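> Here it is, the structure, as structure tokens.
The values are calculated or read from the model by the stated rules, or taken from the named source; none is laboratory data. Here the structure is a predicted model, which is why all the values come from computation and not from measurement. Reconstructed Cβ throughout: ideal geometry from the backbone, glycine too, with neighbour counts over all protein chains shown.
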Amino acid sequence: MPKPITLIVACAENRVIGRARRLPFDIPEDKAWFHAKTAGQTVVMGHICFETWPKAVADGRHPVVITRDPSLASDRVRVADNITEALAIAQTLPGEILICGGQRIYEETLPLADRLLLTLVHAEVPGDTWFPEWRHLSWREISRRESSDANYRYTFSELERVR
């Protein structure tokens with residue numbers, strides 16, 4: 001039986017997830033939650049996410065990077081040409097499969113997702129990269145926690161697909 005696919009993302013109310021190849025907000029509590037959830041797991045991402053995330057290979061993570069650049073491959077990093085190949089590789093690696101972005105990767109995997117680990121930032125922020133619309137799909141909320149910092153209010157939600 002294939003392992004479930006989980007998308008993990010922080011996005012604003014207007015679905016923005018990035019601006020100029022960076023996160024559009026700096027929320028230390030979300031970064032800590034993201035790192036805790038992905039530690040020891042298989043993480044699938046595009047090359048921009050990989051290049052901008054220094055901890056992708058730390059804490060026992062098993063990165064699978066979707067790229068046409070084979071030079072990113074190493075004994076700790078697998079590369080794939082497309083989502084299908086990346087997910088096939090991910091199925092052979094330890095831990096859960098977590099999709100970490102970016103926009104195109106999320107768009108292609110949202111229809112396949114079994115779970116969504118969502119940090120919803122209660123703000124409209126400018127950006128150039130978006131998470132696909134997920135609210136029209138059938139989800140059951142497994143857990144929810146509200147929080148805030150000096151700049152933002154946000155909600156951590158764990159959603160499970162209702163099939």
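> Tally time: how many residues in the stretch 88-98 are touching a Lys or Arg at 6+ places or on another chain (Cβ under 8 Å) and assigned to a helix (DSSP H, G or I)? Break it down stepwise before answering.
Of the residues in the stretch 88-98, the ones touching a Lys or Arg at 6+ places or on another chain (Cβ under 8 Å) are 89-91, 93, 96-98.
Applying the additional criterion that residues be assigned to a helix (DSSP H, G or I) yields 89-91.
Residues flagged as touching a Lys or Arg at 6+ places or on another chain (Cβ under 8 Å) and assigned to a helix (DSSP H, G or I) within the stretch 88-98 amount to 3.
> Looking at (1) part of a loop (DSSP other than H, G, I, E, B); (2) more than 20 Å from Ala10 (Cβ to Cβ), which is the only condition Gly101 fails?
With (1) part of a loop (DSSP other than H, G, I, E, B); (2) more than 20 Å from Ala10 (Cβ to Cβ) applied to Gly101, the lone miss is (2).
> Restricting attention to the stretch 126-163, which residues are basic (Lys, Arg) and at pLDDT below 95?
Scanning the stretch 126-163 gives Arg135, Arg163.
> To continue, here is another question. Identify, by number, the condition in (1) touching a Gly at 6+ places or on another chain (Cβ under 6 Å); (2) on the phi < 0 side of the Ramachandran plot; (3) in a loop (DSSP other than H, G, I, E, B) that Lys3 doesn't meet.
(1)
> Next question. Evaluate the following for Ile17: is it surrounded by fewer than 20 Cβ atoms within 10 Å (Cβ to Cβ), in contact with a Phe, Trp or Tyr (Cβ under 8 Å, 6 or more places away or on another chain) and in contact (Cβ under 8 Å) with a residue 24 or more places away in the chain?
Judged against the criteria, Ile17 is not a match.
> Kindly provide the set of residues from the stretch 40-82 that are surrounded by fewer than 20 Cβ atoms within 10 Å (Cβ to Cβ) and assigned to a helix (DSSP H, G or I), ordered by number.
His47, Ile48, Glu51, Thr52, Pro70, Ser71, Leu72
> Restricting to the stretch 108-163, name every residue that is among the hydroxyl-bearing types (Ser, Thr, Tyr), in contact (Cβ under 8 Å) with a residue 24 or more places away in the chain, outside any loop (DSSP other than H, G, I, E, B) and surrounded by fewer than 18 Cβ atoms within 10 Å (Cβ to Cβ).
Within the stretch 108-163, Ser147, Thr155, Ser157 qualify.
> Could you look through the stretch 15-39, keep only residues that are in a loop (DSSP other than H, G, I, E, B) and touching a strand residue (DSSP E or B) at 6+ places or on another chain (Cβ under 8 Å), and pick out the one that is farthest from Ala56 (Cα to Cα)? Quick ask: steps written out before the conclusion?
Step one: of the stretch 15-39, the residues in a loop (DSSP other than H, G, I, E, B) are 15, 20-21, 23-27, 39.
Narrowing the set further to residues that are touching a strand residue (DSSP E or B) at 6+ places or on another chain (Cβ under 8 Å) leaves 15, 23-25, 27.
Details: Arg15: 23, Leu23: 15, Pro24: 19, Phe25: 19, Ile27: 18 Å.
Applying the filter and picking the extreme gives Arg15.
> Quick one: Glu85 ticks every box in (1) without any contact (Cβ under 8 Å) to a residue 24 or more places away in the chain; (2) of a type in the set (D, E, K, R); (3) in contact with a Pro (Cβ under 8 Å, 6 or more places away or on another chain); (4) in a helix (DSSP H, G or I) bar one, so which box is it?
For Glu85, the failing item is (3).
> Give the stretch 56-84 a look and list any residue that's farther than 18 Å from Thr6 by Cβ and either out of contact with any strand residue (DSSP E or B) (no Cβ under 8 Å at 6 or more places or on another chain) or of a type in the set (Phe, Trp, Tyr) (or both), or say none.
Of everything in the stretch 56-84, those that are farther than 18 Å from Thr6 by Cβ and either out of contact with any strand residue (DSSP E or B) (no Cβ under 8 Å at 6 or more places or on another chain) or of a type in the set (Phe, Trp, Tyr) (or both) turn out to be Ala58, Arg68, Ser71, Ser74, Asp75.
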